[in-house]
1. Looking only at the range 16-32, count every residue that is over 9 Å from the mean Cα position of the chain (by Cα) and of a type in the set (S, T, N, Q) and tell me the total.
2. With the condition kept exactly as written, say whether any residue in the range 12-21 is within 12 Å of the ligand (Cβ to nearest atom) and open to solvent by less than 20 Å² (accessible area, probe 1.4 Å).
3. Of all residues in the range 100-130, which are touching a residue at least 40 places away in the same chain (Cβ under 8 Å) and closer than 28 Å to residue 69 by Cα?
4. Within 15 Å of the ligand (Cβ to nearest atom), free of Cβ contacts under 8 Å to residues at least 24 places away in the same chain, open to solvent by 10 Å² or more (accessible area, probe 1.4 Å) and of a type in the set (Asp, Glu): is that true of residue 84 in this structure?
5. Which of (1) modelled with pLDDT of 90 or more; (2) on the phi < 0 side of the Ramachandran plot; (3) away from the ligand (no atom under 16 Å from the Cβ) is the odd one out, the single condition residue 189 does not satisfy?
6. Select from the range 87-112 the residues that are touching a helix residue (DSSP H, G or I) at 6+ places or on another chain (Cβ under 7 Å), open to solvent by less than 30 Å² (accessible area, probe 1.4 Å) and away from the ligand (no atom under 13 Å from the Cβ) and list them in ascending order.
7. Under 6 Å between Cβ atoms, at least 6 apart or on separate chains: pull out the pairs that start in the range 8-34 with a residue that is part of a loop (DSSP other than H, G, I, E, B) and end on any residue that is charged (D, E, K, R) and within 13 Å of the ligand (Cβ to nearest atom).
8. List pairs: first in the range 187-206 and farther than 26 Å from residue 97 by Cα, second exposed (fewer than 15 other Cβ atoms within 10 Å of the Cβ) and among the hydrophobic types (A, V, I, L, M, F, W, C), Cβ under 6 Å, 6+ apart or cross-chain?
Amino acid sequence: MVILLFGPPGCGKGTQGAIISRQLGIPSISTGEILRAEMRAGTPLGIAAKKIMESGGLVGDDIVNGMIRNRLAQPDCRKGCLLDGYPRTLAQAEFLDGLLKELGYPPPLVLFLDVPDAVLIARLTARRQCPVCGAIYNLLSQPPRQDGVCDHDGAALIQRDDDKEETIRARLEAYARSTGPVIDYYAGRNFHRLDGNRRPEEIQGDVDRILKEAGVGEAA
Ligand code: AMP
């Protein structure tokens, strides 16, 4: 089963994605994380994506579609996977439909975490990341044990350029413009809207129920 986890930046996709991935024993694939890893490694793709990501725009469809095609071909995706942050445009959604058919997957289960913009801006400006291991913290809800320092490796935490307020507003606009139509595209299919402005445990309860109803509630 392929699960699509939708929601604007900062809606809690990362947290829920990690839980679902662990429960079902499937990988959680984030196109944003793949792109950031390419940036850290200084690959041509990472260098090309850096400017776009820092300005809050979307990386080209061909680039991310190619990344997803490669990733879904990996053996750990045989039982399915969870996609976080993809598809973000109609062209990506149409590409994914074709790819899933080609690879013999059933139609995806779609989860949409809905959160108001004002809440997202407050959450995202409080986000910090470890530049070494990629661990994510939130000064409001999930602070590191020691101020400004990663729990895992002691590195100084940073604020990602795309978590600064101006960029966040641009990202939310880009999200509404590009991904709004994608949400409409999946509505009426295996689509579930969840109120994401709640504690992670409450959201997780809803997710568990939906997965159970879909027959994928137990670890595979
Ligand atoms: P995220 O971590 O999902 O918020 O993604 C961070 C940034 O990576 C986005 O603001 C985009 O610039 C880029 N990105 C991630 N996923 C995609 C995608 N599916 N299509 C285009 N750009 C993406």
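The values are calculated or read from the model by the stated rules, or taken from the named source; none is laboratory data. Here the structure is a predicted model, which is why all the values come from computation and not from measurement. Positions of Cβ are backbone-derived with ideal geometry, glycine not excepted, and every protein chain shown enters the neighbour counts. The protein model used for the area step is the full one, side chains on, heavy atoms only, and it has no ligands, DNA or RNA in it. Shrake-Rupley method; radii C 1.70, N 1.55, O 1.52, S 1.80 Å.
1. If we filter the range 16-32 for residues that are over 9 Å from the mean Cα position of the chain (by Cα), which is where we start, we get 16, 18-27.
Then drop every residue that is not of a type in the set (S, T, N, Q), which leaves 16, 21, 23.
The number of residues fulfilling the criteria is 3.
2. Checking the range 12-21: at least one residue is within 12 Å of the ligand (Cβ to nearest atom) and open to solvent by less than 20 Å² (accessible area, probe 1.4 Å).
3. Initial filter on the range 100-130 (touching a residue at least 40 places away in the same chain (Cβ under 8 Å)): 100, 105-117, 119-121, 123-125, 127.
Result: 100, 105, 106, 107, 108, 109, 110, 111, 112, 113, 114.
4. Values: within 15 Å of the ligand (Cβ to nearest atom): yes; free of Cβ contacts under 8 Å to residues at least 24 places away in the same chain: no; open to solvent by 10 Å² or more (accessible area, probe 1.4 Å): yes; of a type in the set (Asp, Glu): yes.
No; evaluated as a whole, the condition is false for this residue.
5. The one condition residue 189 does not meet is (1).
6. The answer is 99, 108, 110, 111, 112.
7. From the range 8-34, the pairs are 9/171; 10/123.
8. Listed by first residue and then by second, the contacts come to 197/119.
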